[in-house]
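Notes follow once the structure below has been shown.
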Amino acid sequence: MKALVKSKPQEGIWMVKDAPAPEVGVHDVMIRVVKSAICGTDVHIYNWDAWSQKTIPVPMIVGHEYVGRVERVGDEVEAFKPGDRVSGEGHVTCGFCRNCRAGRRHLCRHSVGVGVQRPGSFAEYVVIPAVNVYRIPDDIPDDVAAIFDPFGNAAHTALSFDLVGEDVLVTGAGPIGCMAAAIARHVGARHVVVTDVNDYRLGLAAKLGASRTVNVAREDLRGVMKDLGMKEGFDVGLEMSGNGRAFRQLIDVMNHGGRVALLGIMPGEEAIDWSQVVFKGLVLKGIYGREMFETWYKMVAMLQSGLDISAAITHRFPIDEFQRGFDVMRSGQSGKVILDWEA
Ligand code: NAD
Ligand code: ZN
């Protein structure tokens, strides 16, 4: 089958015409990929940075954001049939650790990443366990279904705390920060302020419903808070940049009793002013992946109740033009990029 493979330990990704199709175990589902999206993780793997070098066994079919049709199911699978339109949870969990058994599968200690440690979805076919497959209702378009994975990161983070009537700060207007801003507006936050240092991305955040965007490279966040009549500070902070400076700024402008969810992955250790965490009584919560499958349920329900995240998708290419997709992702001048396997 055709697949995009990290076949060499160096910068780049390569199209292979004769990759072996994955085997279908008795509890597995084989999905024919219709549309893929490029994740920031795929860009890290493309760039072959320090994290990829220690995490990705080469060769590896990468990719984990997609929508497709069920092609074939394992002998024990009853919940799905060929033709069903589905996406899939990219964390394959063990099912037997304490958290898995308690229904907290996103906290599994043994989770394996699709397109990271096992063959992924930049391919004609991807195979995942049936429990990881998620059916997509007919009223949700393919493009949106293809980005359920990062939309789920945004939803898991944004829905960690009550946002109704709250003032929310999102640091980082990448695709996930932009979708988080949209969710915060949808569920009834008051001010949703989004910071970045990239004007293209701040434009995207505004389109998705940020009530105010701030380029912190040249604008003073405290001045903006004053303009908005915010006297005390932000109630909820969503860290979605993976940047230490952004995180320190977020801590600095939180109100006492503020709640902070951290999704962004900092490249190394970052110092913060812990006395602010202590004296303000801040709550910090780390976020990994999506809750299985409450986040998936909420994503569908929010879309069906009027949430629109489609503006987060800015570019679409046929799969054979994948290089253009990676180039635009690497330029920082994009939101989500969709690669179409049927075009
Ligand atoms: P992204 O890299 O596209 O976006 C990050 C944004 O932060 C960029 O637009 C960048 O310009 C901005 N930024 C840089 N410095 C800043 C500063 N000082 N202040 C404000 N913004 C600043 O990433 P994404 O795909 O939207 O993902 C968001 C983050 O979440 C990344 O760090 C990613 O690695 C991480 N992530 C975590 C999980 C998880 O399970 N925890 C899952 C997916 C992604
Ligand atoms: Zn487990």
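Values in this text are rule-based calculations from the coordinates and carry no lab data. Please read all numbers here as calculations on a predicted model, not as lab measurements. Using ideal geometry, Cβ is built from the backbone for each residue, glycine included, and neighbour counts are taken over all protein chains shown.
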> On average, how much area does the Cα convex hull of region 192-252 cover when viewed from any direction, in nm²?
Replying inline: 4.0 nm²
>> Rounding to the nearest 10 and keeping the result within 0 to 90°, find how far the Cα-based axis of helix 148-158 lies from the longest principal axis of the chain.
In response: 30 degrees
> So if R0 is 56 Å, what FRET efficiency would E232 and K8 give, r being the distance between their Cβ atoms, rounded to the nearest 0.05?
Replying inline: 0.55
> Is region 161-320 best put as rounded, prolate or oblate by its Cα gyration tensor, with a ≥ b ≥ c the root eigenvalues, rounded for a/c under 1.5, and otherwise prolate when a/b is larger than b/c, oblate when not?
Replying inline: rounded
> According to the square roots a ≥ b ≥ c of the eigenvalues of the Cα gyration tensor, what is the shape class of region 55-97, taking rounded for a/c under 1.5, prolate for a/b larger than b/c otherwise, and oblate for the remainder?
Replying inline: oblate
> Taking the Cβ-Cβ separation of V278 and R245 as r and a Förster radius of 22 Å, what is the calculated FRET efficiency to the nearest 0.05?
Replying inline: 0.55
> So what is the 222 nm mean residue ellipticity for the chain from helices alone, if each DSSP H run of at least 4 adds -39500 (n - 2.57) and you divide by all residues, rounding to the nearest 500 deg cm²/dmol?
Replying inline: -8000 deg cm²/dmol
> Projected area of region 274-343, taken from the Cα convex hull and averaged over every viewing direction, in nm²?
Replying inline: 8.4 nm²
>> On a straight-distance basis, which lysines could pair with K2 in a cross-link, Cα separation under 23 angstrom, same-chain partners fewer than 8 positions away excluded?
In response: K17, K35, K336
> If you line up the long axis of helix 322-331 against the longest principal axis of the chain, both from Cα atoms, how many degrees apart are they, to the nearest 10?
Replying inline: 10 degrees
> With the contact rule set at Cα under 8 Å and sequence spacing of 6 or more, what percent relative contact order holds for region 1-92?
Replying inline: 32 percent
>> Rounded, prolate or oblate, given the Cα gyration tensor of region 8-75, with a/c below 1.5 counting as rounded?
In response: prolate
>> Which residue, P141, F161, H110, has the largest displacement toward the positive end of the dipole of region 95-162 when charges sit on each Cβ (Lys, Arg +1; Asp, Glu -1)?
In response: H110
> Among the aspartates and glutamates, which have Cα under 19 Å from the Cα of K280 when same-chain residues fewer than 8 positions away are ignored?
Replying inline: D162, E166, D167, E232, D235, E239, D252
>> Give me log10 I(q)/I(0) at q = 0.09, 0.12 Å⁻¹ for the chain, Debye formula, one equal scatterer per alpha-carbon, no solvent.
In response: -0.48, -0.85
>> For a quick check: with amide H placed at 1.01 Å from N, whose amide H comes under 5 Å from W48's, ignoring anything fewer than 5 positions away on the same chain?
In response: G12
>> Can you compute the charge dipole magnitude of the chain about its Cα centre, using +1 on each Lys and Arg Cβ and -1 on each Asp and Glu Cβ, nothing else charged? Give it in debye, rounded to the nearest 20.
In response: 500 debye
> How long are the semi-axes of the ellipsoid equivalent to region 19-122, from square roots of 5 times the Cα gyration tensor eigenvalues, in whole Å, largest first?
Replying inline: 23, 20, 12
>> Please report the net charge: other residues with Cβ closer than 11 Å to the Cβ of L307, K and R +1, D and E -1.
In response: +1
>> Looking at the chain as a GNM with Cα springs under 10 Å, which of E11, E89, E124 has the largest mean-square fluctuation?
In response: E11
> What relative contact order, as a whole-number percentage, does region 150-283 give when Cα pairs under 8 Å and 6 or more residues apart are counted?
Replying inline: 23 percent
> Semi-axes of the equivalent ellipsoid of region 220-265: what are they in whole Å, largest first, if each equals the square root of 5 times a C-alpha gyration tensor eigenvalue?
Replying inline: 19, 12, 7
> Of F234, P57, A37, whose Cα points farthest to the positive end of the dipole of the chain (charges on the beta-carbon: +1 Lys, Arg; -1 Asp, Glu; origin at the Cα centre)?
Replying inline: F234
> What angle do you read, to the nearest 10 degrees and between 0 and 90, between the alpha-carbon axis of helix 175-186 and the longest principal axis of the chain?
Replying inline: 60 degrees
